[in-house]
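**Q** Quick one: this structure, given as structure tokens, is what I'll be asking you about.
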Amino acid sequence: MRGLRSTIALVVVLAGLGAYIYFVTWKQPDTPDTGKKLEKVFTVASDKINEIKITSASGEATAAKKDGATWKLTEPVSAAADESEVSSIANTLASADIVRVVDENPSNLIDYGLSNPHVALAFKADGDKDYRRLFLGEKTPTGSDVFARRNDDKKVFLIAAYQDTSLNKSTFDLRDKNILKVDRDKIDGLDVTAGAGRLAIAKDGGDWKLKSAVAPEGKGPRSVDIRADYGTVEGLIGRLQTARMKSIVTENPSAADLKKYGLDKPQATVNLNTGSAKATLLIGGKSDDTSVYARDASKPMVVTVESSLLDELKKGPDDYRRKDLFEFRPYNASHVEITHNGQTVVFDRVKSAKEGTPDKWHRVSPNAGDVDKDKFDDGKKEERVTFGQSGQDVYAARPGEPGAAKTDAADFNESLKSLDELSK
């Protein structure tokens with residue numbers, strides 16, 4: 001009998017739960033679906049919303065306000081806001097639909113988790129004197145919707161559960177996480193110090209040049225003037241400009257704090273130069289396996305960033321040096337001179353007189369003749385590279401650049417074979 005009573009009690013509980021799910025969540029009106037447009041929770045345009053307050057599920061209260069076209073946090077801190085995050089909340093408030101009204105006049109909000117809301121929002125739009133409010137409670141048993149209530153209205157309705165995720169944001173979620181503020185188009189140089197390594201890179205017209213370079217092991221010339229790899233330098237600038245903090249450690253560190261976080265003697269320091277101004281990032285000690293402590297030198301706040309950023313800053317001069325010996329390409333070369341074993345072979349490109357037909361390469365000396373090649377464009381720049389061979393190794397040097405680069409011996413020897421064929 002005891003087992004029978006337990007079974008009967010379980011059946012009653014399951015039946016009650018089933019009825020709850022049916023009547024509250026699943027039961028739809030008996031009238032057929034006519035495709036009627038769902039009612040909006042609020043009638044407002046997202047770009048008209050100018051003030052938002054959120055109390056998240058953790059109990060943290062955050063306020064943001066528009067300053068012109070830009071969002072700023074006003075509570076609990078005064079700071080730049082993450083534009084995409086705050087704009088997403090405004091968009092959600094403007095687009096949220098009432099999926100279904102559950103109870104027009106509920107006697108008890110506890111059943112819906114609305115006596116103590118999971119998330120509470122308030123906002124103002126242009127022309128509003130009072131805040132409009134939205135309260136989010138528990139999810140429905142199926143998890144697809146959330147119980148909600150607006151303003152002082154007692155009516156309980158459902159909104160899509162994914163909108164809870166869009167609205168339940170902490171202060172850190174809404175804060176601008178970019179570490180450095182700098183106009184990329186105005187950057188004309190950067191200096192990196194990481195351990196014993198140091199790099200200085202400066203803009204030279206439309207290109208980048210290494211101006212000083214000391215390898216991480218403390219070796220190398222201190223003053224140079226060599227071509228830097230454009231893509232690698234631009235990649236580093238982009239990484240620094242978009243570097244985002246993972247967490248805020250402290251807003252106002254003491255001297256002891258800076259020492260604790262390794263920021264009294266940073267592992268790396270990088271300056272992004274914009275004329276006479278600069279933005280400086282300091283990288284300190286290890287926070288965990290994937291993070292290091294960091295600080296914008298113009299602000300006291302200590303944050304954490306991805307440790308891969310430090311790895312990027314530890315790269316040596318060779319990583320930033322341009323690897324191409326020649327800058328010309330087949331499509332823009334117009335004159336070639338090659339001296340080998342005391343003999344100079346000279347080639348000129350001859351433009352085609354007929355539109356649509358490819359140009360031809362003409363061997364000027366030592367034996368005049370035409371050499372068929374793909375079409376080229378006018379070249380305006382002369383380049384010289386000297387090659388030398390020692391045993392099986394081949395080296396190359398450019399005038400005005402220190403040192404020599406080791407190049408691929410097989411490619412060099414293959415080029416000499418091609419030259420011999422073209423010279424005949």
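Computed from the coordinates by the stated procedures, all read-outs in this text should not be read as laboratory data. These numbers come from a predicted model, not from an experiment. All Cβ positions, glycine included, derive from the backbone under ideal geometry; neighbour counts span all protein chains shown.
**Q** Could you work out the relative contact order of segment 181-297? I mean the mean sequence separation of Cα pairs under 8 Å and 6+ apart, divided by the number of residues, in percent.
**A** Numbers: 199 pairs, mean separation 27.1, N = 117.
Relative contact order of segment 181-297: 23 percent.
**Q** Can you list the residues of segment 233-259 with backbone N under 17 Å from a point 7 Å past the Cα of Asn178, pointing along Cα to Cβ?
**A** Output list for this probe position: 235-246.
**Q** Determine which residues of segment 42-76 fall in the zone a paramagnetic label at Ser87 would reach in this model, i.e. backbone nitrogen under 19 Å from the point 7 Å along Cα→Cβ.
**A** Only 44-53, 64-74 pass the distance filter.
**Q** To continue, here is another question. Rounded to the nearest 0.05, what FRET efficiency is calculated for Val346 and Thr407 with R0 set to 25 Å and r the Cβ-Cβ distance?
**A** It comes out at approximately 0.60.
**Q** Estimate the FRET efficiency between Val77 and Ser166 by the formula 1/(1 + (r/R0)^6), using the beta-carbon distance for r and 22 Å for R0, to the nearest 0.05. Display every interim value, and only then the final one.
**A** On the way: r = 22 Å, r/R0 = 1.01.
That gives a FRET efficiency of 0.50.
**Q** To the nearest 0.05, how large is the calculated FRET efficiency for Thr386 and Asn252 if R₀ is 56 Å and r is the Cβ-Cβ distance? Present the calculation step by step, with values, prior to reporting the outcome.
**A** Numbers: r = 58 Å, r/R0 = 1.04.
Step by step, r from the Cβ atoms, then E = 0.45.
**Q** For the pairs Lys315/Lys417; Lys53/Lys246; Lys211/Lys299, flag any whose C-alpha to C-alpha distance is greater than 25 Å.
**A** Working: Lys315/Lys417 37 Å; Lys53/Lys246 23 Å; Lys211/Lys299 29 Å.
Cα-Cα > 25 Å for Lys315/Lys417; Lys211/Lys299; rest within.
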